[in-house]
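Below is one structure; the comments refer to it alone.
The values are calculated or read from the model by the stated rules, or taken from the named source; none is laboratory data. Keep in mind that what you see is a predicted model, and the values were worked out from it rather than measured. Here the Cβ positions follow ideal geometry from the backbone for every residue, glycine too, while neighbour counts run over all protein chains shown.
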Amino acid sequence: MQQHKNTSIVWFKNDLRSQDNNILNSALMSSNRVIGVYFLDPKLFETTKYGFKKMDRYRLNFLLETLQCLKRELNKLNISLLVFNTAPEHKMSSLVTSFDVDSIFLQKEWTAEEQSSLEKVKNVLPKGIKIQEIYDQFLFDPEDVPFDAHETPVVFTQFRKLLEKNSKVKPLVEVKPQSIHSLIDQHTEIPNLIDLGFDSFEKDDRTAFPFEGGERSADLRLNHYFFESKALGVYKKTRNGLLGLNYS
């Protein structure tokens, strides 16, 4: 069995893409082997005290499509994606031990539930595991914003003008495959709706949201919106519409 030094886990959350992913790229640049992990936390599907689930079958189906796409794209980079239907604190420690992991890379969050989830994971991890949190969900990096959070302008136009004048959008991060990063022997199947206790469905032809989940579909959608339909050119006229592919 080939020995690997500096094995890292990329804990995917809402950053379900292989390209322009600074978290994934940082892990690749500092590790000899990278393993992608995603947790379908059952708490997402439980009925809350308000009487509904945080995620029901339509949003869940979009997420599962996105995970299938992510798995295919990571495979092109010679990276395995493991998907588990469990809370992260129930599985992360055993993954770290099994694959002799040194570091865990993930998207930096500040909201209560995400921070609570991370703290639960930290509490069960072996000592010495490095947690690398990286902001990667913003157009402008928080470090480049020219004011403190409590000074954020109330009016969006003022906010936009300050950023346009004093900040720059960081360049695209191109994530390249490297032969040294090998796929692992362990394999997991991405579940379907029925596996997770939901009824399957077919999309209605009349839907205003006919899109499939995944970064490839997102690329096609952006190209259509910006360049093929040129819908951006009339955005101010259509932004308050509710139905139709090119409204809000």
Can you report the number of residues in segment 30-46 which are more than 17 Å from the chain's Cα centre (by Cα) and either in a helix (DSSP H, G or I) or buried (at least 21 other Cβ atoms within 10 Å of the Cβ) (or both)?
6
Kindly indicate the residue of segment 120-172 that is closer than 30 Å to SER98 by Cβ and basic (Lys, Arg) and also surrounded by the fewest Cβ atoms within 10 Å (Cβ to Cβ) among those meeting that condition.
LYS127
Show the residue pairs that are 6+ apart or on different chains and have beta-carbon atoms under 6 Å apart, the first residue being within segment 61-75 and in contact (Cβ under 8 Å) with a residue 12 or more places away in the chain and surrounded by 17 or more Cβ atoms within 10 Å (Cβ to Cβ), the second being hydroxyl-bearing (Ser, Thr, Tyr) and outside any helix (DSSP H, G or I).
GLU73/SER18; LEU74/SER18
Checked segment 185-235 for anything aliphatic (A, V, I, L, M) and either part of a helix (DSSP H, G or I) or over 22 Å from ASN14 (Cβ atoms) (or both); matches are ILE194, ALA208, ALA218, LEU220, LEU222, ALA231, LEU232, VAL234
Select, from GLU164, GLU202, GLU151, the only residue that is closer than 26 Å to PRO42 by Cα, free of Cβ contacts under 8 Å to residues at least 40 places away in the same chain and more than 22 Å from the chain's Cα centre (by Cα).
GLU202
Meets criteria (over 29 Å from ARG33 (Cβ atoms), in the same structural domain as VAL83 (by TED's automatic domain parsing), surrounded by 12 or more Cβ atoms within 10 Å (Cβ to Cβ) and under 23 Å from the mean Cα position of the chain (by Cα)) for LEU196
yes
Matching residues in segment 84-100 (of a type outside the set (Phe, Trp, Tyr) and under 23 Å from GLN178 (Cβ atoms)) number 4
Pick from segment 1-29, criterion in a helix (DSSP H, G or I) and in contact with a strand residue (DSSP E or B) (Cβ under 7 Å, 6 or more places away or on another chain), ranking: nearest to TRP110 (Cα to Cα)
ILE23
Does PRO146 satisfy the criteria of being touching a Ser or Thr at 6+ places or on another chain (Cβ under 9 Å), not β-branched (Val, Ile, Thr) and not assigned by TED's automatic domain parsing to the domain that holds THR97?
yes
Considering segment 76-119, residues that are among the charged types (D, E, K, R) and touching a helix residue (DSSP H, G or I) at 6+ places or on another chain (Cβ under 8 Å), and then whichever is surrounded by the fewest Cβ atoms within 10 Å (Cβ to Cβ), we arrive at GLU109
